[in-house]
Structure formats: C-alpha cells, structure tokens
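Notes follow the structure.
The values are calculated or read from the model by the stated rules, or taken from the named source; none is laboratory data. As the structure is a prediction and not an experimental result, all values here were calculated from the model. Using ideal geometry, Cβ is built from the backbone for each residue, glycine included, and neighbour counts are taken over all protein chains shown.
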Amino acid sequence: MRRANSLSLVRFDRNDYSVPTAYAHHEVTVMGGVEEISISSGPELVATHLRHWGREVTTYDPRHYLALLERKPGALDVARPLERWVLPGCFSVLRRRLEADLASAGTREFIKVLRLMERTTLAELTASVEVALSIGATSADAISLIVFHRQERPVGLFSLDAHPHLKSVAIDLPDLGAYRALTEKGA
C-alpha cells in the first residue's frame, strides 16, 4: 500500500511512477513484477508501467496528466510529464490549425483531442486525426465521432449453419388481420 503524492506519483522500490491525477493523495496498491508494475485503487487497475531496476527514476505516462492540462492549458509546452512525449506529425498539424482558427481556445480544443487517448489507443487516435485533417473536420467533437465510429463493429447476421437442430423449427407467420382492420378504419 502506498499513497500517491500531490504530483500524482507513487514511490515503489526507490522509483516514482505516475497515476492519473484523480488518484493524487489517495491510497493505492502497487504490485511489482519482474517486467512491470501495476497500480490499483480498490478493484480498479489505474496504471501499469515498465519496471525500472535503477534508483530515483521517475516514470510518467503523459495520459495521466491530460485532465489537469485541460484546466491549465498553458502548461502544455512546459509540463515535465510531457517532455519526452513524441506524438505523430499529424498532431502538430492539428494543433497549428486549431490555434490558427481559434487562437487560445485552439490549445484547449487540442487538449480535448489528446484526452481521447484516455479511451482509445494512440494508433486509433492518430488514424482518426489523419482522417479529420483530410476532410477539414478538426474540432475535438468531430474527431471523437470519427474515433468511435471507426471502433464500432457491424452486427453479424444470425446464421443457422452452425445450428442444424434449429433448421427444423417452423414459426407461424403472425396474423396481421387485426392490424389491417385498424388501419382501414383510420383511413
């Protein structure tokens, strides 16, 4: 058991690992394995990191700090957790377009796009940002729609091929006479 500090960091084996800012000042459970550590709050897994065997290493996951950035957008370029975060080129293009179109509100809109990584992968978000840039739909809401539309899977049709015992079942067609009578009276 450990307590996350005010910087949303948890100390384990003389190293610090980040947790989402919502868990700052909360008790968490840290489980260390050979290759990674996992951090839980109650039954919920809140973070995983590759384990460092050195000393005094701080490991940040930039996604853990995006909610805080939404409240403090001026920290986007100077926040320590984001120093080594390398995003694909389409994100810098998106940011430039948003800031050119919306000025300071463009930075907030860009952070909203980054926050989509809390619910999707970087690869999925990158593909959606590229699609959004190609069609000129650069708002966070538009990109969110593209992300979640791409994640939807079509519903497959039910086939009786794998259920031969159901092929012999016959269902009588419904009697629509009562419905026809109602529609004829209304007409």
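If you go through the range 155-172 one residue at a time, do you hit one that is under 37 Å from the mean Cα position of the chain (by Cα), at pLDDT below 95, surrounded by fewer than 16 Cβ atoms within 10 Å (Cβ to Cβ) and in a helix (DSSP H, G or I)?
Checked against the condition, which is being under 37 Å from the mean Cα position of the chain (by Cα), at pLDDT below 95, surrounded by fewer than 16 Cβ atoms within 10 Å (Cβ to Cβ) and in a helix (DSSP H, G or I), the range 155-172 yields no hits at all.
Output the residue which, of all residues in the range 28-50 that are of a type outside the set (Val, Ile, Thr) and in contact (Cβ under 8 Å) with a residue 24 or more places away in the chain, is surrounded by the fewest Cβ atoms within 10 Å (Cβ to Cβ).
HIS49
For PRO81, state whether it is surrounded by 14 or more Cβ atoms within 10 Å (Cβ to Cβ) and either charged (D, E, K, R) or under 22 Å from SER139 (Cα atoms) (or both).
No, not satisfied.
What residue, of VAL93, VAL113, VAL129, is surrounded by fewer than 17 Cβ atoms within 10 Å (Cβ to Cβ), aliphatic (A, V, I, L, M) and either outside any helix (DSSP H, G or I) or modelled with pLDDT of 95 or more (or both)?
VAL93
Here are VAL28, VAL46, VAL34, VAL10: which of them is part of a loop (DSSP other than H, G, I, E, B) and β-branched (Val, Ile, Thr)?
Result: VAL34 is the single residue among VAL28, VAL46, VAL34, VAL10 that is part of a loop (DSSP other than H, G, I, E, B) and β-branched (Val, Ile, Thr).
Considering only the range 10-27, state which residues are aliphatic (A, V, I, L, M) and surrounded by 20 or more Cβ atoms within 10 Å (Cβ to Cβ).
VAL10, VAL19
Hey, any hits in the range 7-22 for a residue that's touching a residue at least 24 places away in the same chain (Cβ under 8 Å), among the aromatic types (Phe, Trp, Tyr) and not assigned by TED's automatic domain parsing to the domain that holds LEU145?
Yes, the range 7-22 contains a residue that is touching a residue at least 24 places away in the same chain (Cβ under 8 Å), among the aromatic types (Phe, Trp, Tyr) and not assigned by TED's automatic domain parsing to the domain that holds LEU145.
Take the residues in the range 146-173 that are touching a helix residue (DSSP H, G or I) at 6+ places or on another chain (Cβ under 7 Å) and without any contact (Cβ under 8 Å) to a residue 24 or more places away in the chain; name whichever of them is nearest to VAL131 (Cα to Cα).
ILE146
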